[in-house]
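Following: one structure in C-alpha cells, then a few remarks.
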Amino acid sequence: MALEDYEFGARRCSRDSICKFIPQYAIKDARFADCCPAISRYNLHAYSGGGRVIMANSLLQGRGEISEEVREIVFRCQLCGACQTSCHIVTELVEPLEIARELKFRCVEEGKENQALSSVRARLVKTNNIFGKKQSDRARWAEGLQAKDAGAEAVETLFFAGCRLSYDESFHPVARKSLQLMLEAGMDVGILGKAETCCGGRLFDMGYRDDFHKLAGTLAKRIRSSGAYRLVTACGCCYGTFRQFFPMAGIDLEGVEVLHVSEVLEELLGEGKVELKKAVPLRVAYHDPCHLGRLGEPYQRWEGQYVKQMGLWVAEPDREVRRGLGGVFDPPRKVISAIEGIRLVEMKRKREHAWCCGAGGGVLEAYPAFAAWTALERMKEVVDEGCDALVTACPWCETTFRMAIGESGGGGPRVMDLVELVAMAT
Ligand code: SF4
Ligand code: SF4
C-alpha cells in the first residue's frame, strides 16, 4: 500500500474531530475522554488522527511538503490506533491510523528520517534485535528449561519470546514461567533459540517498511519450517506484528495459529492443567496493550472499491470494517479473575478504547518524555480506581510504565505482567 491508496478516504474526512476522543457512549468520566496521546500532549490539531489526514491530503495534492515541522509531527505518534477505532464508529472510509503510518514510510522514503530511530534501525538490522545485543545471547533466558529446539526437531507449539523478553533480564521470569507452565501442562513446546530474531514490528512502526519485509520474511520461513501449528507469545507487540503486520506485508505463516499466552493460560486453566493454588489479595486494573487489543484484530485484505448508492458510499465487495473488536480482551481478564483474592476493576478507558502506554511507533526510543507523559496519564486512571497494581500483558507497556513511574519519583501502584501474577498464584 502507499499513501495514495488512502486518498479516496482522506478526501472524505469530515473534520469532525471524533478521532480525538473515545466514543460518546463509552465516556464515563470527562477526565478520561481523550483517546489520542499526541493531540492531548501537544494540543495542536495537526497531531490528531484527523490532522494527519489533512497533512496527507496536502502532500497528495501537492499543497505541502515534508518540512522539519511536519516530520516532527509525523513521528510524534504512537500508531496506537485509537483515532481509527473512534473514527470507524462514524465512517469506514477514512483510515487515520494507516495514513499516520504511511506518513512515516513517506518520510523514510524521502530520506527525512527521525535521527534517533535511524540509529535504532541500524542496530536492529545489524544484530536482528532492537537492543543491538549478541545473537548468541538470545536464548539465555531459557537455560535449564527442557524446551525443544524448534530449529532442529518438529514441535507442535512454538514459544516466541521476542526481543524484550529475550534480552531484558527483568523479564526473564515472565518468559521462563510462560514456557514452564506450558511444558508442565504436557504441551509439546519448542523455541527457536538462537535462530529467533526480532519480529520486526518496531521497524514497521518506525517507518522502515523494506527492512521489515526482509527481516519478517526470513523469520516467517523459520517459523514455518519448525512444523509448529501454533505460535505463542507473551509479548503484545509481537502478537500484533504476527496478526496484523505480517498479513499486511503479504507474509504468510501458512496456517500457523498465533496466540497470546493469556489465551493459552485460559485454555489450560479450563482443562485443569494449570492450578492456581495461592490467593493474591490485590485490587488490580488491567491495561489492554494496543497491539494485543484493538490492533491485535486479524488483518483482512480488501481489494475493492466504494460506489455511491442512494447517496451513500458502499463497499463492493463487502468489507470487514476494522473497529478493533477482534483483539484479545477477555482471556487476560479471565485469567486474572480466576486468581483467588484478586479484585479486578475496569478503568474508564478500556478494551478497544484503551489509552496507549506511550511506547509505540518508536516514541519510546525517539521521544521518551512524550512516552513517559502518556504512561503517567494512564497511571492517573489506575490511581483513580484505587488499585494496588496495574497488570498488563506486554513487556513494552510494562517497561514504559516503569520508566515513567521511576522518573516521576516512584511510588503508587506497582506494575506487573499477567504471567508474574499467575506465578504468584501457582
Ligand atoms: S479522521 Fe475520522 S474522526 Fe477524525 S476528523 Fe476525519 S473523519 Fe472525523
Ligand atoms: S495513532 Fe494514536 S497517537 Fe497517532 S494520531 Fe492516532 S490516536 Fe493519536
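The values are calculated or read from the model by the stated rules, or taken from the named source; none is laboratory data. The structure displayed is predicted, hence computed values, not measured ones. Glycine also receives a Cβ, built like all others from the backbone with ideal geometry; neighbour counts cover every protein chain displayed.
Inside the range 62-74, can you point out the residues that are more than 28 Å from Trp302 (Cβ to Cβ) and part of a helix (DSSP H, G or I)? Once the filter is applied, which keeps residues that are more than 28 Å from Trp302 (Cβ to Cβ) and part of a helix (DSSP H, G or I), the range 62-74 yields Glu68, Glu69, Val70, Arg71, Glu72, Ile73.
Taken as a whole, the range 42-51 holds at least one residue that is at positive phi, modelled with pLDDT of 95 or more and more than 15 Å from ligand 1 (Cβ to nearest atom).
Search the range 229-266 for residues being in contact with a strand residue (DSSP E or B) (Cβ under 9 Å, 6 or more places away or on another chain) and assigned to a loop (DSSP other than H, G, I, E, B), and hand back the single one that is surrounded by the fewest Cβ atoms within 10 Å (Cβ to Cβ). Only one residue fits best here, namely Tyr229. Meeting the requirement of 1 or more residues that are modelled with pLDDT of 95 or more and among the aromatic types (Phe, Trp, Tyr), the helices (runs of 4 or more DSSP H) wholly within the range 129-228 are 162-167, 201-206, 209-225.
Yes or no, residue by residue, for (1) assigned by TED's automatic domain parsing to the domain that holds His88; (2) within 13 Å of ligand 2 (Cβ to nearest atom); (3) not in a strand (DSSP E or B):
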site: Trp313; (1), (2), (3): no, no, no
site: Val321; (1), (2), (3): no, no, yes
site: Gly327; (1), (2), (3): no, no, yes
site: Pro331; (1), (2), (3): no, no, yes
site: Ile336; (1), (2), (3): no, no, yes
site: Gly341; (1), (2), (3): no, no, yes
site: Lys348; (1), (2), (3): no, no, yes
site: Cys356; (1), (2), (3): no, yes, yes
site: Gly361; (1), (2), (3): no, yes, yes
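Before we move on, is Val90 of a type in the set (A, V, I, L, M), within 16 Å of ligand 1 (Cβ to nearest atom) and under 18 Å from Asn57 (Cβ atoms)? So Val90 does not fit the description; no. Here the range 77-101 is the region considered, the condition is being within 9 Å of ligand 2 (Cβ to nearest atom) and assigned to a loop (DSSP other than H, G, I, E, B), and the residue that is nearest to Tyr306 (Cα to Cα) is Gly81. A single entry from Ser40, Ser48, Ser17, Ser58 fulfils the requirement of being touching a strand residue (DSSP E or B) at 6+ places or on another chain (Cβ under 9 Å) and of a type in the set (S, T, N, Q): Ser40.
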